[in-house]
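Peer 1: Before anything else, here's the structure in question.
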Amino acid sequence: MNSTFELKKGKLVFEDDKIIITDNARYLRRSRLLSSIILCLFGVYNLYIFISHNDIHARWSGSLIEVMGLIFFVIALLTNVQNEIFLKDVKSMKIKRIFFKEFLIIKLVNKRPRQVAGIYNAERLEEYIKTISLPQ
């Protein structure tokens, strides 16, 4: 039983015992990590401005930017970007609509989610997911 679904930048293939995903998730993860590191550095720079000039606004903005950068960094580290997922490792699959885009969210046994974005025919994929029996 082999079924293929088109993505905006790649494809999603369900085989008998595994799911093969070809998308740009690794590139997106790297860009999220890089942008969160830049955000952290900007927060540190604002805190340095506070220390050197005693500007109260730089302290609050630097602290807020630093915390947000660290949160985004941790979230980017916790996402999964595997290209090949075995069905025995899948806990659940569901399609969610977030900001006018459909995402396939695959929850794995190790509690790390794998998100697949840019699904063209989400209704057909949702019907296919209902027919799959996941091993427990």
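Peer 1: Please go through region 93-119 and give me each residue that is over 20 Å from Y27 (Cβ atoms) and either among the aromatic types (F, W, Y) or in contact (Cβ under 8 Å) with a residue 60 or more places away in the chain (or both), ordered by number.
Peer 2: Across region 93-119, the qualifying residue is only F100.
Peer 1: For region 35-51, give me the residue count where each residue is of a type in the set (V, I, T) and either within 22 Å of the chain's Cα centre (by Cα) or not in a helix (DSSP H, G or I) (or both).
Peer 2: Taking region 35-51 and keeping what is of a type in the set (V, I, T), we get 37-38, 44, 49, 51.
Add one more test, that the residue is either within 22 Å of the chain's Cα centre (by Cα) or not in a helix (DSSP H, G or I) (or both), and what stays is 37-38.
Number of matching residues: 2.
Peer 1: Looking for whichever is exposed (fewer than 14 other Cβ atoms within 10 Å of the Cβ) and among the β-branched types (V, I, T) here; the options are I85, I105, I49, I98. Which one fits? Reasoning before the result, please.
Peer 2: Values: I85 fails: exposed (fewer than 14 other Cβ atoms within 10 Å of the Cβ); I105 fails: exposed (fewer than 14 other Cβ atoms within 10 Å of the Cβ); I49 fails: exposed (fewer than 14 other Cβ atoms within 10 Å of the Cβ).
Of the residues listed, the single one that is exposed (fewer than 14 other Cβ atoms within 10 Å of the Cβ) and among the β-branched types (V, I, T) is I98.
Peer 1: Considering only region 108-136, how many residues are loosely packed, with under 12 Cβ neighbours inside 10 Å and in a strand (DSSP E or B)?
Peer 2: Here the count works out to 0.
Peer 1: Counting only residues that are in contact (Cβ under 8 Å) with a residue 40 or more places away in the chain, part of a helix (DSSP H, G or I) and of a type in the set (D, E, K, R), how many does region 1-34 have?
Peer 2: The total comes to 3.
No value in this document is a laboratory result; all are computed from the given coordinates. Keep in mind that what you see is a predicted model, and the values were worked out from it rather than measured. Glycine gets a Cβ as well: all are built from the backbone with ideal geometry, and neighbour counts include every protein chain shown.
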